[in-house]
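Here is the structure we will look at.
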Amino acid sequence: RRGTAGAAIPMALAFEGVTQRFGEVEALSEVTLAVEPGEIVALLGQSGCGKTTLLRLAAGVERPDAGRVLLEGRDVSSPGSFVEPEQRGVGLVFQDYALFPHLSVRENVRFGLRGYGEASADATALRAIARVGLADLADSYPHMLSGGEQQRVALARAVAPRPGVLLMDEPFSNLDRRLRDVVRDETAALLQETGATSIIVTHDPEDAMRIADRIVLMRAGRIVQVGTGEELYRRPASLFAARFFCDFTEVEGRVSGKAVDTPLGRFPVKGLTEGSDAIVCIRPHAVRLVPNGYCLPGRVVTRRFLGEVDHILVAVDGFDRPLSVRASLAGSIREGEDVGVDIPSDEVLVFPAGDT
Ligand code: ATP
């Protein structure tokens with residue numbers, strides 16, 4: 001599907017009912033997931049939800065307590081058929097890059113090419129180093145490199161042997177924001193080019209949306225939703241998933257008829273029990289501020305310039321918290337000014353209360 005001449009042959013990777021315990025902690029509970037050959041999947045979730053453990057099982061540095069890991073349909077994790085990490089054809093990029101400090105960039109990348117002939121290893125390493133834009137630094141040592149450069153070396157080392165599967169654990173977490181943007185886009189391009197089946201672990205939804213074909217959202221050792229970034233953003237299956245992708249204003253209400261009554265108005269809803277409690281999530285981008293006198297009456301509490309948009313907090317009569325709004329305000333709405341607040345009802349998400 002992807003890749004160019006000389007690229008990896010992507011492998012299918014699957015987890016079947018995988019459970020992993022560490023003492024009392026069940027780090028993974030019956031996780032089932034199939035990753036297509038060449039697909040880029042992001043494991044997304046909060047700290048401790050089991051992302052790294054799933055990655056370590058794929059790499060073979062951990063053995064599951066129950067369930068199986070399959071590579072190209074072959075069980076590589078069970079006692080009778082276990083395949084050692086170095087025999088799996090899997091490349092790894094760690095959060096701290098794990099570069100050898102006493103080896104140069106070239107030697108670090110060559111390390112992944114044991115088994116290649118001398119000349120061929122050198123040529124392959126230099127190609128990978130050039131590909132990540134570090135040709136001039138091939139003879140430098142890790143301590144002489146910036147964080148972004150070290151990350152690129154780690155990536156070059158992982159892709160040089162053309163692994164069928166590439167596993168990355170929080171590869172951007174040590175980079176500052178600006179660098180992160182650049183390295184993230186470069187990594188996405190490199191993954192497309194190498195064609196390897198890829199799993200990237202992250203707690204950042206933006207990382208996941210920018211790089212992955214599919215996002216696997218995890219919580220407390222389980223997969224809670226799988227889909228494209230757009231699917232998870234637009235149609236989160238739970239309040240938990242919704243919160244991961246957007247900083248909503250949440251408003252409590254009660255279902256009555258085919259709508260939820262809240263202090264910010266009535267919003268249509270489907271499939272919730274009459275009389276039950278619900279939470280309405282309002283995206284800051286969806287709220288429109290209109291001239292005073294229309295829609296809900298409100299007052300601007302703060303307005304902060306953020307560049308492309310303004311962030312505005314609006315006090316609305318009868319609602320005990322400020323409503324968060326993100327909009328580019330052409331006009332000069334000032335703090336303290338009265339405004340009308342329009343919340344398009346087809347842009348809100350409604351969940352049962354307690355569905356956290
Ligand atoms: P983070 O983003 O912080 O790396 P994570 O989602 O990758 O988190 P894991 O590292 O997979 O989460 O850990 C899942 C759970 O298993 C956690 O509760 C963790 O403390 C526990 N755990 C992981 N590895 C071990 C271990 N070797 N021994 C004991 N407990 C462990």
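The values are calculated or read from the model by the stated rules, or taken from the named source; none is laboratory data. These numbers come from a predicted model, not from an experiment. Because the Cβ atoms are built from the backbone with ideal geometry, glycine has one as well, and the counts that use them run over all protein chains shown.
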*Of the conditions (1) surrounded by 20 or more Cβ atoms within 10 Å (Cβ to Cβ); (2) touching a residue at least 60 places away in the same chain (Cβ under 8 Å), L289 clears all except one; give me its number.*
(2)
_Meets criteria (part of a helix (DSSP H, G or I), within 22 Å of the chain's Cα centre (by Cα) and more than 23 Å from V90 (Cα to Cα)) for R152_ = no
*Any idea which residue in the stretch 65-91 is nearest to the ligand (Cβ to nearest atom), counting only those that are of a type outside the set (D, E, K, R) and in contact with an Asp or Glu (Cβ under 7 Å, 6 or more places away or on another chain)?*
G67
*Has the stretch 113-125 got any residue that is over 20 Å from V165 (Cβ atoms) and within 30 Å of the chain's Cα centre (by Cα)?*
yes
*Can you name the condition, by its number, that V183 falls short on among (1) touching a Phe, Trp or Tyr at 6+ places or on another chain (Cβ under 8 Å); (2) farther than 26 Å from P161 by Cα?*
(2)
*Do we find a residue being without any contact (Cβ under 8 Å) to a residue 24 or more places away in the chain, outside any helix (DSSP H, G or I) and within 15 Å of the ligand (Cβ to nearest atom) anywhere in the stretch 52-64?*
yes
_Here's a check for you: in the stretch 94-136, which residue that is part of a loop (DSSP other than H, G, I, E, B) and either charged (D, E, K, R) or within 16 Å of the ligand (Cβ to nearest atom) (or both) is nearest to S198 (Cα to Cα)?_
F94
*Go through the stretch 296-314 and count every residue that is farther than 11 Å from V341 by Cα, of a type in the set (D, E, K, R) and either surrounded by 15 or more Cβ atoms within 10 Å (Cβ to Cβ) or in contact (Cβ under 8 Å) with a residue 40 or more places away in the chain (or both).*
2
*Hits in the stretch 33-51 - residues which are more than 8 Å from the ligand (Cβ to nearest atom), surrounded by fewer than 22 Cβ atoms within 10 Å (Cβ to Cβ) and outside any strand (DSSP E or B)*: E36, P37, E39
_Please go through the stretch 209-224 and give me each residue that is basic (K, R) and either at pLDDT 95 or above or more than 18 Å from P171 (Cα to Cα) (or both), ordered by number._
R214, R219, R222
*If a residue has to be closer than 20 Å to P291 by Cβ and surrounded by fewer than 16 Cβ atoms within 10 Å (Cβ to Cβ) to count, how many in the stretch 319-328 make the cut?*
1
